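> Questions regarding the structure given below will be posed in turn.
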Amino acid sequence: MQFSAGLELKLEYFLAIAAVLFGIGTYGVLTRRHVVHILLSIELMLNAVLINLIAFSAFLTPEKLTGQMFAVFVIVVAASEVGVGLAIILSIYRKRKTVDVDKINILKG
Amino acid sequence: MVITAKHILHSSFYLIASLLCVAMFFIMLRAEYLAAVQILVYIGSIVVLIIFALMLTRTKVGDETNISNNQKIFAAFTAMILFVCLTIVFFNINLEVKVESISKVSIVSVKQFAEVLFSAYTLPFEIASLLLLAALVGSVVLAMKEKTEENNDNKKFTK
Amino acid sequence: MSIMSINIVYIIPELIIAFFALLILLLSVFIGKKFDIALAPISVFGIFISLVSVFVFNFYNKSSVFNNSFVVDNFSNFFRIFILTSSLIFIVFTFSYSKGSIYIKRHLGEFYFLILMVIIGAMLMSASCDLIMLFISLELVSIPSYILAGYEKMNEKSEEASLKYFILGVLATAILVYGFSLVYGATGEINLKEIARAIINRNLLENNYVLIIGVILSLVGFAFKIGAAPFHWWAPDTYEGAPTIITTLITTIVKIAAFAGLIRFLYVGISGFKNSIWIVLFLVLLSLLSVIIGNLMALPQKNFKRLMAYSSIAHAGYILIGFSSANTDAQFAIFIYLLAYIAMNLGAFSVAMLVEKTRHSEEIKAFAGIGYTNPFISICMIIFLISMVGLPPFAGFLGKLLVFKAGVENNLTWLVIIGVITSVISLWYYVNIIKHMYFVRYEGDSSLLKIKASKLSVFLITILAIFTISMVIIPSVFILVSRNAVVFF
């Protein structure tokens with residue numbers, strides 16, 4: 001199982017990829033108008049977290065598996081969040097026939 | 001791509017692609033069980049759930065012209081700052097790396113994984129079950145179709 | 001296996017609540033509507049037993065269990081008692097509120113189940129001692145509260161509140177857990193005490209920016225949850241839109257839980273955070289902005305719940321002043337402030353719920369004239385409001401005094417001065433409510449003039465008012481309690 005034939009895989013590369021994902025996710029959350037789009041962007045951010053955790057787990061504490069355990073719980077939480085979120089979106093859609101955040105604005109901040 | 005695709009269904013397919021890539025990273029990082037979990041839970045359920053929701057809310061088919069709001073510049077700025085800071089920091093700081101190369105890390109077997117999960121992390125595991133139950137019950141309550149007539153509901157509950 | 005059976009003793013209070021939550025869920029499914037009347041008494045009973053069990057099993061039995069991820073120490077015991085007592089009062093209010101709402105009545109079993117889940121989450125939060133536990137119990141607090149905020153399904157406001165709370169809450173979670181992952185990466189540990197040890201041994205706070213960015217991102221996440229200023233957008237909308245009873249839950253128990261987690265994270269985990277200029281600067285910035293924005297934005301508000309949202313943002317700011325210092329004095333100042341905060345908020349919201357129930361309005365105008373029709377409740381309301389301003393004979397005064405004292409001792413006199421000035425500003429909008437209560441005529445249906453209040457709720461409001469006063473009359477008791485409460489294991 002040699003993946004790194006020429007290039008030595010370092011911790012930093014994985015962290016950088018995670019940072020890219022996190023940045024893209026942040027951008028998406030801030031700009032998109034569709035609620036589901038926002039949810040997708042948040043999933044990207046959570047995936048960045050997962051890469052971080054597992055990379056740290058492999059490089060820093062390979063025998064204790066702490067990062068991997070953390071990752072499992074992050075996945076659990078992500079799943080339940082998506083479930084709840086879609087329920088909320090569905091029940092909002094039933095009444096307003098829209099899922100655009102800019103149009104959901106009865107309450108004015 | 002997930003966030004730039006005009007059509008939301010496309011962007012969820014792009015999400016599947018990026019999740020698969022993340023699963024590849026997990027395999028590279030010797031976390032094969034988690035890679036499987038990633039594929040099963042994320043792609044198998046989360047994305048499918050999202051696509052279901054899209055179908056249920058009958059999002060307009062076809063390209064939406066204006067998918068983003070007017071914070072683009074600010075958002076891009078924030079995201080760039082975050083990314084640049086993080087990357088600079090990652091490449092400049094010596095984390096206490098115990099393993100120099102990933103090829104030296106041994107693959108985690110499912111058995112090992114379970115042993116750790118059910119010895120040291122029992123309590124969070126139990127809480128996670130409560131969390132899932134609460135989320136399940138809550139989503140059912142929220143997504144349930146409401147009959148405006150009271151008596152219809154009563155029939156269902158008091159059999 | 002024998003180790004397990006010993007460990008279970010330490011989580012008995014949580015287990016009891018979980019048992020009752022599941023019992024309620026099952027009973028409401030299998031027995032159905034006829035059973036609804038018994039649900040609130042069952043939850044009260046469950047919380048009461050759990051409260052007793054804290055005293056019986058945990059009070060003299062301190063330890064750190066489950067791979068040191070769960071600690072039973074003075075801090076967690078006091079917080080558990082604190083949370084359980086306030087939820088006891090809260091559930092009794094629920095009982096009368098739920099009668100007025102069709103949707104809460106229709107899904108009453110699930111309603112109590114979700115509230116008990118929030119309570120378990122809050123209790124676990126105060127006792128958790130590693131990042132996984134902190135994270136997952138924070139989620140156990142927030143996910144049910146997203147759902148509860150949208151519980152009045154036909155009310156578009158409630159749904160919108162739920163959506164906004166959900167999106168920003170999930171974003172906060174993502175940022176928080178990214179921060180946690182960086183903290184883990186920098187120290188190689190997830191246990192808070194091990195993190196503290198690693199930081200001291202390797203002197204990480206001085207030069208390791210991965211750790212510092214991690215801590216700051218975690219603080220951003222926490223700031224979302226406690227509603228501190230640059231991250232407060234969700235608060236006014238959610239507070240206004242959610243059913244009032246859930247607004248009460250969000251301002252009291254959810255917020256206290258987030259603060260408990262923050263105290264654990266900063267004081268046990270990143271215990272030397274004072275040494276890092278960045279982290280302190282960030283905290284000071286948060287509290288400065290919250291105090292200013294909270295108080296200024298509250299001025300033009302006409303809706304009571306919205307006003308309370310901004311006021312609670314301001315209170316979060318005052319509490320954060322206490323975080324800018326790391327000694328025990330500041331910790332117990334924060335604890336006292338939280339005690340005062342929860343008492344006066346529960347009180348003010350319970351009066352507002354009574355008003356809302358009779359007059360079907362949450363505007364400040366709805367308070368008009370209750371000073372003459374319901375003199376006793378109005379006096380209690382005045383006590384709560386003046387206490388929120390922080391004027392002397394009430395609890396808020398003690399909290400603010402101690403927090404400001406901690407601020408001055410840490411050379412943050414300018415921040416304290418701003419705090420005092422904004423407190424004076426806050427007098428304006430609190431007094432505005434009092435003005436409506438006494439000097440404005442109610443312009444609605446004259447049959448709604450007198451607020452209907454059940455004996456039970458008047459009794460609880462009285463208790464809260466007495467508590468608010470007694471914190472200043474006999475401060476030594478509360479100071480003694482809090483001094484003991486901030487002893488970590």
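Matching residues to (1) in contact (Cβ under 8 Å) with a residue 60 or more places away in the chain; (2) within 7 Å of another protein chain (Cβ to nearest Cβ); (3) over 18 Å from B:Cys85 (Cβ atoms):
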site	(1), (2), (3)
A:Lys10	no, no, yes
A:Leu21	no, no, no
A:Thr26	no, yes, no
A:Leu30	no, yes, no
A:His34	yes, yes, yes
A:Ile38	yes, yes, yes
A:Met45	no, yes, no
A:Ala48	no, yes, no
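> Pick from C:Ser423, C:Ser470: which is surrounded by fewer than 16 Cβ atoms within 10 Å (Cβ to Cβ), under 25 Å from the mean Cα position of the chain (by Cα) and either under 30 Å from C:Ser76 (Cβ atoms) or modelled with pLDDT of 85 or more (or both)?
C:Ser470
> Further, regarding this structure: Identify, please: which residue in the range C:359-382 is of a type in the set (Ser, Thr, Tyr) and surrounded by fewer than 20 Cβ atoms within 10 Å (Cβ to Cβ) and is, among those, nearest to C:Lys305 (Cα to Cα)?
C:Ser361
> Within the range B:113-144, count every residue that is in contact (Cβ under 8 Å) with a residue 12 or more places away in the chain and either among the small types (Gly, Ala, Ser) or surrounded by fewer than 15 Cβ atoms within 10 Å (Cβ to Cβ) (or both).
Total meeting the criteria: 0.
> Criterion first (at pLDDT below 90, buried (at least 24 other Cβ atoms within 10 Å of the Cβ) and more than 27 Å from C:Leu480 (Cα to Cα)) does C:Phe111 satisfy it?
Criteria met by C:Phe111.
> Does C:Val29 satisfy the criteria of being modelled with pLDDT under 85 and under 18 Å from B:Gly138 (Cβ atoms)?
yes
> Looking at C:Tyr438 and the list (1) under 23 Å from the mean Cα position of the chain (by Cα); (2) not in a loop (DSSP other than H, G, I, E, B), which single condition is not satisfied?
(1)
> Which pairs do you get when a residue that is facing chain C (nearest Cβ under 9 Å) and closer than 18 Å to C:Phe135 by Cβ, found in the range A:51-76, comes within reach of a residue that is among the basic types (Lys, Arg) and buried (at least 22 other Cβ atoms within 10 Å of the Cβ), reach meaning Cβ atoms under 7 angstrom, with the pair 6+ apart or on two chains?
Sorted first by the residue in the range A:51-76, then by its partner, the list stays empty.
> Separate question: Could you figure out which of (1) part of a helix (DSSP H, G or I); (2) within 14 Å of chain B (Cβ to nearest Cβ); (3) surrounded by fewer than 21 Cβ atoms within 10 Å (Cβ to Cβ) isn't true of C:Ser76?
(3)
> With the checklist (1) in contact with an Asp or Glu (Cβ under 8 Å, 6 or more places away or on another chain); (2) closer than 22 Å to C:Leu402 by Cα; (3) not polar (S, T, N, Q) in hand, flag the one item C:Lys302 doesn't pass.
Every listed condition holds for C:Lys302 apart from (2).
> If you go through the range C:441-457, how many residues are free of Cβ contacts under 8 Å to residues at least 40 places away in the same chain and assigned to a helix (DSSP H, G or I)?
Residues that pass the stated criteria total 3.
> So which residues in the range B:24-43 are within 17 Å of A:Leu11 (Cα to Cα) and more than 10 Å from chain A (Cβ to nearest Cβ), if there are any at all?
none
> Can you tell me how many residues within the range C:79-105 are free of Cβ contacts under 8 Å to residues at least 12 places away in the same chain and either hydroxyl-bearing (Ser, Thr, Tyr) or assigned to a helix (DSSP H, G or I) (or both)?
Summing the residues that are free of Cβ contacts under 8 Å to residues at least 12 places away in the same chain and either hydroxyl-bearing (Ser, Thr, Tyr) or assigned to a helix (DSSP H, G or I) (or both) in the range C:79-105 gives 0.
> Applying the selection to the range C:263-272, what residues are out of contact with any Cys (no Cβ under 8 Å at 6 or more places or on another chain), assigned to a helix (DSSP H, G or I) and surrounded by fewer than 24 Cβ atoms within 10 Å (Cβ to Cβ)?
C:Ile263, C:Leu266, C:Tyr267
> Any residue that is within 11 Å of chain B (Cβ to nearest Cβ), assigned to a helix (DSSP H, G or I), over 15 Å from the mean Cα position of the chain (by Cα) and among the hydroxyl-bearing types (Ser, Thr, Tyr) - is there at least one of those in the range C:116-134?
Within the range C:116-134, not a single residue is within 11 Å of chain B (Cβ to nearest Cβ), assigned to a helix (DSSP H, G or I), over 15 Å from the mean Cα position of the chain (by Cα) and among the hydroxyl-bearing types (Ser, Thr, Tyr).
> Which pairs turn up if I take residues in the range C:358-373 that are small (Gly, Ala, Ser) and look for partners that are assigned to a helix (DSSP H, G or I) and surrounded by 17 or more Cβ atoms within 10 Å (Cβ to Cβ) with beta carbon separation below 6 Å, at least 6 apart in sequence or on another chain?
What qualifies is C:Ala366/C:Val355; C:Ala366/C:Arg359; C:Ala368/C:His436; C:Gly371/C:Ser378; C:Gly371/C:Met437.
> Another question, if that's okay. Out of all the residues in the range C:186-208, is one or more closer than 30 Å to A:Gly28 by Cβ, more than 10 Å from chain A (Cβ to nearest Cβ) and of a type outside the set (S, T, N, Q)?
No, the range C:186-208 contains no residue that is closer than 30 Å to A:Gly28 by Cβ, more than 10 Å from chain A (Cβ to nearest Cβ) and of a type outside the set (S, T, N, Q).
> OK, next. What do you reckon, is C:Ala298 touching a Phe, Trp or Tyr at 6+ places or on another chain (Cβ under 8 Å), surrounded by 20 or more Cβ atoms within 10 Å (Cβ to Cβ) and within 30 Å of C:Arg197 (Cα to Cα)?
no
> Something else now. So in the range C:135-163, with the set limited to residues that are at the interface with chain B (Cβ under 9 Å from one of its Cβ atoms) and under 16 Å from C:Leu192 (Cα atoms), which one is surrounded by the most Cβ atoms within 10 Å (Cβ to Cβ)?
Checking each candidate, the answer is C:Ser137.
The values are calculated or read from the model by the stated rules, or taken from the named source; none is laboratory data. Here the structure is a predicted model, which is why all the values come from computation and not from measurement. Glycine gets a Cβ as well: all are built from the backbone with ideal geometry, and neighbour counts include every protein chain shown.
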